[in-house]
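The structure appears below as structure tokens.
The values are calculated or read from the model by the stated rules, or taken from the named source; none is laboratory data. Not measured: the values here are computed from a predicted model. FYI the Cβ positions are ideal-geometry reconstructions off the backbone, even for glycines, and counts take in every protein chain you see. Keep in mind that these areas ignore ligands, DNA and RNA; they rest on the heavy atoms of the full protein, side chains included. Shrake-Rupley method; radii C 1.70, N 1.55, O 1.52, S 1.80 Å.
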Amino acid sequence: MTATVSETKQEQKIDLAKLEDVLFHYRGFRGALIPVLQKAQHAYGYLPRPVIERIGESLKLHVSDIYGVITFYSQFRLKPQGKYVIRVCRGTACHVKGSQTIAEKISEKLGIELGETTVDLNFTAEEVACVGACGMAPVMTINEETYGLMTVGKATEAIDGYLEKAGSNLHKE
Amino acid sequence: MSNEIKEKLITDDSLIQISICLGTGGVAAGARDVFNSFAKELESNQVEAVIKERKCRHKVHQTGCRGLCALDVLVDVLVPGMAETSYARVTAAMVPEIVQEHIINKKPVEKYLVDEAHHRFFDKQKRRVLQRCGVIDPEDINDYLATDGYQALAKALRIGPEKVIDEVKTAGLRGRGGAGFPTGLKWAFCRAAEGDTKYLICNADEGDPGAFMDRSQLESDPHSVLEGIIIGSYAIGAEKAFIYVRSEYPLAIERLKIAIRQAKEKGYLGDNILNSGFNCRIEIEKGSGAFVCGEETALMSSIEGNRGMPKPRPPYPAEKGLWGKPTNINNVETLANVPLIILGGAAQYAQIGTEKSKGTKVFALTGKVNNTGLIEVPMGITIKEIVYDIGGGINNDKKFKAIQIGGPSGGCLGESHLDTPIDYDSLVAAGAIMGSGGCVVMDEDTCMVDIARYFMDFIQEESCGKCVPCRIGTKRMLEILTRICDGEGVAEDLQNLEELAKKVKNTALCGLGQTAPNPVESTFRYFKDEYLAHIKEKRCPAKACKNLIKYRVTPDDCKSCALCVKVCPSEAILGGKKGVKAEIQNDKCIRCGACLSKCPTKAIKVVDNDSAAAVEVK
């Protein structure tokens, strides 16, 4: 049950003008690709194909090379993300304190695999490398909010709150 | 704890000082609410004569990590004329009382004060690299300057690059990022390399799960790292330096940016630093989430804008590194040690530590110990002292099983190693590595086969795929380990696992692959009985592997209080109320342990899942 929003419909809305300032700033800059991709993703939320093509044109790189870089790094996304991004830390301290069960429960609750986005584009759930708050393990984050000393119960409670906020009807499905 | 530093900071003793930990750990515990609450309470109380009469100004510090994350939110309150007081686990709701009682009525609120654990945590530490962490305001260069900041740089520019390298060599500083290569030697190679353009890179791509030393250092004392970078660049002859930092560390990046700007304004960065004729620029490069980029050749590929894949060495970065130019790469903590060496002198620095490992080491102490947090210990301290004295022992008085040191490249050391001293060579001999400083404590409830599987899963996911041993070898190892944890292990698995471990170790291209089998080999070496129990008896001795356990209610102990039913996130518990004993449905239960911790009569037990059949293993 991945995001099934028609890609063409999404990409018709892409406004390439937002990209020009970034490309202008980095012209003639060695090793510009990664910072450009980071800024582009910040602007669009993900890296749609027309954006990748425009970057290739500007930096004189093949789209295939850019695609290779995008897929190498875990932070670059080729699909849009949910409004709320839930990240469960998979660091050692979190693992030892039961983060996996929490991640599984969240995935079950939202009806998506980890790394996927709900159909209504409200939630993305993923496991992430250590967020560096091991003292508060297990840890999860929802957008910029960090939740420490989590349990399965506290995690489901937090998500219930966001489900309500988003007016999501996942419960009824 | 860093009293000297504190005294240097307090210039106005009529100042009431409140320090709140606003590191990532503190924020996760609600430090922002506490901070806002203090600001609000102080403001609303300002109208009262008490404060005005004392002519107190309030300065709420944004301090970085104090290290004792288990007690977050930690708040220090210093009222002139009174002893400094620390409060633990502060919430916003407690703030009005602290302001009212402590600041206005001058009576510390006893019930919120830190306890004995807090003192034990600090007593055996030697905080030198971390001396300013949690004490100074990391966003104000004046705090750094007031505590001898940038004086090492001034001295370095006076004594010249060769002498700087000599000092670092004599001090015996070894790389704090993993392998422990002598830093002075590395600098000397790079200085001697031919070429006009050279680079220095600060590796802040702290990817080891369970490690947050560098994040804390950058968040709490960014200038100490900048000063180390500038001195290092001067020593090797580089005018440009990069800090490659994980983008998962937004606060560290933000504070580095502020620090770089302030250092430029004060003339410690930029052109003609302190009129020496030396120029240095520092640029921040954000990583994009690839563990392998912690490997130096991969890191450089990433800065160049490519897939972060390692390259065979030689050529070493000191000859041909970033953009083909001589490059020197040091880790955050290594660089933060440099100002200490230059300012205090090599001889003084080398007083701490063992013969071959000098100085201190910062660890992120986490897992099942009572005091988790950031610690700095003298080299040579024993594992026992770390776990029991600083760590305050194991949670809930459980039994210590192992300590994992060095992350995915390190190993698990058991009880027989409690007296092992922490130094580069003893750790390698025992089957772990110093690594960057992750230190995860495990108790009797942690399954060592599961830990081996966990690290292999991590490595498998992070393998860049360039060389076959790492790409495929770790995959096969993971399959075997997963099978064993699921209770489907077969007799040949152990032998195959051992053989694969050797092959991957000897043939992988870079450090990531070469050290990947360490967690497997060390658990194999010290906890073989656990592997055998999984395969032979289909039993997980730690009762952690979910396929091999189930939860059961002991009817005689069940009081039908329904607490377990309420807390169960999977609706797996039948009955449990109105006099009916609780019963757990094995197929619905996700083994999350919620009912276990909630049951007031301890009626719920974890038992072996006897449905799996045993096999014969030689």
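Remark on region A:30-60: accessible area falls by at least 40 square angstrom from chain-alone to full-complex state for A:ARG30, A:GLY31, A:ILE34, A:GLN38, probe 1.4 angstrom. Note on surface exposure: B:CYS293, B:CYS568 rank B:CYS568, B:CYS293 by accessible area, highest first, 1.4 Å probe.
Can you pull a Stokes-Einstein diffusion coefficient for region B:491-594 at 20 °C (1.002 mPa s), Rh from Kirkwood over Cα pairs, as a whole number of µm²/s? The estimated diffusion coefficient comes to 126 µm²/s.
Each Lys and Arg adds +1 at its Cβ and each Asp and Glu adds -1 at its Cβ; summed about the Cα centre, region B:96-195 shows a dipole of about 580 debye.
Using only protein heavy atoms and a 1.4 angstrom probe, determine the accessible area buried between A and B, summed over both sides, in Å² to the nearest 100.
On the way: alone 10290 and 25850 Å², together 32450 Å².
Summing both chains' loss of accessible area gives about 3700 Å².
For B:LYS257, the lysines whose Cα falls under 27 Å of its own Cα, not counting residues fewer than eight places away in the same chain, are A:LYS18, A:LYS39, B:LYS6, B:LYS8, B:LYS59, B:LYS155, B:LYS198, B:LYS240, B:LYS266, B:LYS286, B:LYS325, B:LYS361.
Spin-label model, B:ALA117/B:ASP419: points 7 Å from Cα along the beta carbon direction are separated by 2.9 nm.
Annotation: lysines with alpha-carbon distance below 24 angstrom to B:LYS503 (same-chain offsets under eight excluded): B:LYS311, B:LYS466, B:LYS475, B:LYS528, B:LYS618.
Scalar couplings 3J(HN,Hα) for region A:112-126, obtained by applying the Karplus form with A = 6.51, B = -1.76, C = 1.60 to θ = phi - 60°, are 10, 6, 5, x, 9, 10, 5, 4, 7, 6, 8, 10, 10, 10, 8 Hz; x denotes Gly and Pro. Computed with a 1.4 Å probe over protein heavy atoms only, the accessible surface of region B:497-618 comes to 53 Å² per residue.
So what's the back-of-envelope 222 nm ellipticity for chain B, counting only DSSP H runs of four-plus at -39500 (n - 2.57) apiece and dividing by all residues, rounded to 500? Don't jump to the answer; show the numbers that get you there.
Numbers: 24 runs with 223 residues, N = 618.
After summing the helix terms and dividing by the residues of chain B, the value is -10500 deg cm²/dmol.
Note on B:LYS40: aspartates and glutamates with a C-alpha under 15 Å away, same-chain residues under 8 apart excluded, are B:GLU48, B:GLU97. Contact-buried residues of region A:128-146, at a threshold of 30 Å² lost accessible area versus the chain by itself: A:ALA129, A:CYS130, A:VAL131, A:GLY132, A:CYS134, A:GLY135, A:MET136, A:THR146 (1.4 Å probe; DNA, RNA and ligands ignored). For the protein assembly as shown, the Cβ-based charge dipole about the Cα centre amounts to some 380 debye (Lys, Arg positive; Asp, Glu negative; other atoms uncharged).
Going toward the positive end of the dipole of the protein assembly as shown, with +1 on Lys and Arg Cβ and -1 on Asp and Glu Cβ, which of B:THR85, B:VAL292, B:PHE122 do you reach last? Value computed over the given set: B:VAL292. Surface composition of chain B: carbon plus sulfur atoms hold 48% of the accessible area, using a 1.4 angstrom probe and ignoring ligands, DNA and RNA. Largest to smallest in accessible area, the residues B:PHE122, A:PHE123 fall in the order B:PHE122, A:PHE123 (1.4 Å probe, all protein chains included). 3J(HN,Hα) along region B:533-547, derived from phi through the Karplus expression 6.51 cos²θ - 1.76 cosθ + 1.60 where θ = phi - 60°, amounts to 4, 5, 7, 6, 9, 6, 9, 9, x, 7, 6, 10, 6, 4, 5 Hz, with x in place of Gly and Pro. Relative to its residue count, region B:73-225 spans a Cα convex hull of 183 Å³ per residue. By a 1.4 Å probe calculation restricted to protein chains, B:LYS588 has an accessible surface near 100 Å², given to the nearest 10.
Using a probe of 1.4 Å, the accessible surface attributed to B:LYS466 totals some 100 Å² when neighbouring protein chains are kept in position.
Thinking of the protein assembly as shown as a set of Cα atoms, what percent of all their pairs are more than 48 Å apart? All intermediate terms of the calculation are to be shown ahead of the outcome.
On the way: 61566 of 312445 pairs.
Result: 20 percent of Cα pairs exceed 48 Å.
Can you give me the % of accessible surface on region A:84-172 that is carbon or sulfur? Probe 1.4 Å, all protein chains present, nothing else counted. Each step should come with its number before you reach the end.
Values: 1500 of 3310 Å².
That share works out to 45 percent.
Considering every alpha-carbon pair of region B:291-437, the percent of pairs per 5 Å bin, from zero through the bin containing the longest distance, is 2, 8, 15, 17, 15, 14, 13, 9, 5, 2, 0, 0.
Dividing the radius of gyration of the alpha carbons in chain B by their Kirkwood radius gives 1.01 for Rg/Rh.
If B:LYS401, B:LYS546, B:LYS605 are ordered by their accessible area, calculated over protein heavy atoms with a 1.4 Å probe, which sequence runs from highest to lowest? It would help to have the intermediate numbers written out before the result.
Numbers: B:LYS401 30, B:LYS546 65, B:LYS605 90 Å².
Largest accessible area first, the residues go B:LYS605, B:LYS546, B:LYS401.
Listed values for region B:108-114 are Karplus-derived 3J(HN,Hα) couplings in whole Hz (6.51 cos²θ - 1.76 cosθ + 1.60, θ = phi - 60°), namely x, 7, 3, 5, 9, 5, 5, and x replaces Gly and Pro.
For the pair region B:499-568 and region B:580-597, the centres of their Cα atoms are 20 angstrom apart.
Per the Kirkwood formula applied to alpha carbons, region B:448-536 shows a radius of gyration over Rh ratio, Rg over Rh, of 0.95. For A:VAL85, the amide hydrogen comes within under 5 Å of the amide hydrogens of A:THR124, A:ASN143, counting only partners 5 or more places away or on other chains and with H modelled in the peptide plane. When shorter helices are ignored and each DSSP H run of at least 4 residues is given -39500 (n - 2.57), the per-residue value for chain A at 222 nm works out to -13500 deg cm²/dmol.
Residues of region A:76-115 that become at least 30 Å² less accessible with every protein chain present than in their own chain isolated, using 1.4 Å: which are they? Output list: A:ARG90, A:THR92, A:ALA93, A:HIS95, A:VAL96, A:LYS97, A:THR101, A:LYS105. When only the Cβ of Lys, Arg, Asp and Glu is charged (+1, +1, -1, -1), the dipole of chain B relative to its Cα centre reaches about 600 debye.
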